[in-house]
Amino acid sequence: MGINTETVRKFKVVHTWTGILSSIMLFIAFYAGALAIFKPEITLWTQADKQLPAGSANIDALAAAFFHPDTHPPARAMLALPHREDAAARIYYTAEGEHRLAYLDQAGRLRHIGNAAAGTDLRSGQTVGDFVDDVHRKGGLPMDLETSEPIIGIVSLLYAVALIAGVVVLLPSLVKDLFLLRITHNVRRMWLDAHNVLGLTSLPFHIVMALTAVTFGLHDWIYSAQGKMIYPAGKDPYAAALAAPSPPQAPDAMRALAPSELLAHLRQAAPAFEPRALIYSTGRDGTQNPEVRVAGADERHFLRDGRIGYAFIDQFSGQLGETTYLPGHQTAMAATLSSFFGLHFGNFGGLPVRILYVILGVLGALVFYSGNLLWIEARLKKSRPGQPAAVQPRHVRWLSSLTVGACLGCVAGLSAGIVAARWLASTAASQASIASYAYYGVFVAYLAMAFWLGAARSSAGLLLGAAVASALVPLSSILSVYSQPGTAYLSAYFFVDGFFAIAAGLLCYLAYRAQRRYRQGSRMFPAPATRFRPDPI
């Protein structure tokens, strides 16, 4: 395709600098996002040695005992339905600043467990799976989600610009170099081919990720601009919906249907919807709201909230209410909005789509990593035979150290956080906090090591450390099974163990290659010219 050489050069500059400015955060977001596809499985894995007590599966009896007027039920409670990993019905709620759960024991008595075994962090209400998802959503930034979301939105805009510019740069040689991967001693050519192949083959996926991430990160700004520029003053339907009064309370004389009756009505209205939990809420006067929110899934359709959709059903009549969040029953506008969530989180199509998203997420992280390597490799100064080692520019040393330290710190930190949450947390409620401390501790240590020793000298050791941290995940499962006879190995654990086992193998191989290239005096990842470097590169 004929494109002016000067135009290609300008687009290459745009692609290079937008990629450099956003690559580190995008690597963290993609790697953590690939792992967050297994968010429920990660939570189960970390709580494998902190199993909840056996209880009854009778959801009607549990609801009747918990919501009895004499028990003063909380303003909001979630009735988790029995499933394969936990055959007992549970009610999760918060009281006096503490996350708790209620269940019926084998004798039918109502029991309560405080935050010591509720499975969520006391301060944040998080599980370890939620923590991994937060690392993905915040790009690893150690700040609250409200502050980090606009930053991620801006980074995603740079990401979208880099995609467009990269396609323009490749157009003149697209047919000739498509799917061309030359594995030779020319390191820069090899990384360039890998970068192009990975970027082009997964381009639709990257476009979807960029556009949806911009929507998620900047949605508050978009709604604000929409309210001021499109709708007349006081006529914003979004603001009006938020300010709408609560639904009227049901008369006390009406009998609330039991959970099994509500589910029977829901099966008639939406047969393909698979309920997983019933969320009850009460009004300000203490009486129950007429609508119960049923959380569930229908993998034939896009879901609005991660891997969950919602059905609203009247708990006094059993009639299906608003269907904005009910997959397969939405309006065209609601289904369009749900598609943004579904395409970003891969919550449609079942397990094959989830595995595909994991693969694409990891390959996407490699795209950003290889992009930085190309920039670094192109700016290294060569050392002549018999001459002192060339002193590399400071900005090249800093970016190479930042790339190695931050990217490998994320990989090792997530592994270490998950393992630490399982073995070091004294209670299930403290697991998310332990995972957070471990992640950021390892991340900072990796950054410090990369800048102290230089990228070339530290990369092999950091890769090996990340491999060991990843290997600890499947090894933890093996240790738990053999050290605690009778411990059940759930099928959900296989996805977590398999992910980290594969990661450990790849990281070991990369550590071997990095060490060999460093000994041979490779140009990639130059160590700074200081007395700490054992041999010139």
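Evaluate the stretch 341-355: report whether one residue or more is among the aromatic types (Phe, Trp, Tyr) and under 26 Å from HIS68 (Cβ atoms).
Our first condition is that a residue be among the aromatic types (Phe, Trp, Tyr); within the stretch 341-355, this holds for 341, 345, 348.
Okay, now just the ones that are also under 26 Å from HIS68 (Cβ atoms), so none.
No, the stretch 341-355 contains no residue that is among the aromatic types (Phe, Trp, Tyr) and under 26 Å from HIS68 (Cβ atoms).
Looking at ARG111, ARG90, can you tell me which residue is on the phi < 0 side of the Ramachandran plot and either modelled with pLDDT under 80 or open to solvent by 20 Å² or more (accessible area, probe 1.4 Å) (or both)? Before you say what the answer is, go through the steps one by one.
Numbers: ARG90 fails: either modelled with pLDDT under 80 or open to solvent by 20 Å² or more (accessible area, probe 1.4 Å) (or both).
The match here is ARG111.
How about the stretch 493-527: which of its residues are open to solvent by less than 20 Å² (accessible area, probe 1.4 Å), at pLDDT 85 or above and over 19 Å from SER370 (Cβ atoms)?
If the condition is that a residue be open to solvent by less than 20 Å² (accessible area, probe 1.4 Å), at pLDDT 85 or above and over 19 Å from SER370 (Cβ atoms), then TYR493, VAL496, ASP497, PHE500, ALA504 are the ones that fit.
Tell me, please, whether a residue that is modelled with pLDDT of 90 or more and more than 30 Å from PRO352 (Cβ to Cβ) can be found in the stretch 25-39.
No, that holds for no residue.
Residues in the stretch 42-50: is at least one among the aliphatic types (A, V, I, L, M) and open to solvent by 30 Å² or more (accessible area, probe 1.4 Å)? Let's see the steps before the verdict.
Step one: filter the stretch 42-50 for residues among the aliphatic types (A, V, I, L, M), giving 42, 44, 48.
If we keep only those that are open to solvent by 30 Å² or more (accessible area, probe 1.4 Å) as well, we get 44.
Within the stretch 42-50, one or more residues are among the aliphatic types (A, V, I, L, M) and open to solvent by 30 Å² or more (accessible area, probe 1.4 Å).
Any chance you could count how many residues in the stretch 320-378 are open to solvent by less than 30 Å² (accessible area, probe 1.4 Å) and farther than 23 Å from ALA272 by Cβ?
Count: 14.
When the stretch 304-316 is examined, which residues are found to be in a loop (DSSP other than H, G, I, E, B) and touching a residue at least 40 places away in the same chain (Cβ under 8 Å)? Show your work before the answer.
Looking only at the stretch 304-316, we keep the residues that are in a loop (DSSP other than H, G, I, E, B), and these are 304, 306-307, 315-316.
Within the stretch 304-316, GLY306, ARG307, GLN315, PHE316 meet the criteria.
Using the structure shown, decide if ILE28 is among the β-branched types (Val, Ile, Thr), open to solvent by less than 40 Å² (accessible area, probe 1.4 Å) and under 11 Å from the mean Cα position of the chain (by Cα). Let's see the steps before the verdict.
Values: among the β-branched types (Val, Ile, Thr): yes; open to solvent by less than 40 Å² (accessible area, probe 1.4 Å): yes; under 11 Å from the mean Cα position of the chain (by Cα): yes.
Criteria met by ILE28.
List pairs: first residue in the stretch 317-331 and at positive phi, second residue part of a loop (DSSP other than H, G, I, E, B) anywhere in the structure, Cβ distance under 8 angstrom, at least six positions apart or on different chains.
That search, which allows pairs on different chains as well, returns GLY318/LEU257; GLY328/ALA270; GLY328/ALA272; GLY328/PHE273; GLY328/ASP298; GLY328/ARG300; GLY328/HIS301.
Rundown of residues vs (1) among the small types (Gly, Ala, Ser); (2) out of contact with any His (no Cβ under 7 Å at 6 or more places or on another chain); (3) in a helix (DSSP H, G or I), yes/no style:
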site	(1), (2), (3)
TYR325	no, yes, no
HIS329	no, yes, no
ALA334	yes, yes, yes
LEU337	no, yes, yes
PHE340	no, yes, yes
HIS344	no, yes, yes
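Of the residues LEU122, LEU104, only one is at pLDDT 85 or above and either open to solvent by 20 Å² or more (accessible area, probe 1.4 Å) or over 28 Å from ALA420 (Cα atoms) (or both); which?
Values: LEU122 fails: at pLDDT 85 or above.
Matching residue, one of LEU122, LEU104: LEU104.
Between ILE91, ILE59, ILE37, which is more than 30 Å from ARG379 (Cβ to Cβ) and free of Cβ contacts under 8 Å to residues at least 60 places away in the same chain?
Numbers: ILE59 fails: free of Cβ contacts under 8 Å to residues at least 60 places away in the same chain; ILE37 fails: free of Cβ contacts under 8 Å to residues at least 60 places away in the same chain.
Of the residues listed, the single one that is more than 30 Å from ARG379 (Cβ to Cβ) and free of Cβ contacts under 8 Å to residues at least 60 places away in the same chain is ILE91.
The values are calculated or read from the model by the stated rules, or taken from the named source; none is laboratory data. Note that the structure is a prediction, hence the values are computed from the model and not measured. Positions of Cβ are generated from backbone atoms using ideal geometry, with glycine treated the same way; all protein chains shown enter the neighbour counts. The area values use the complete protein model at the heavy-atom level, side chains included, leaving out ligands, DNA and RNA. Shrake-Rupley method; radii C 1.70, N 1.55, O 1.52, S 1.80 Å.
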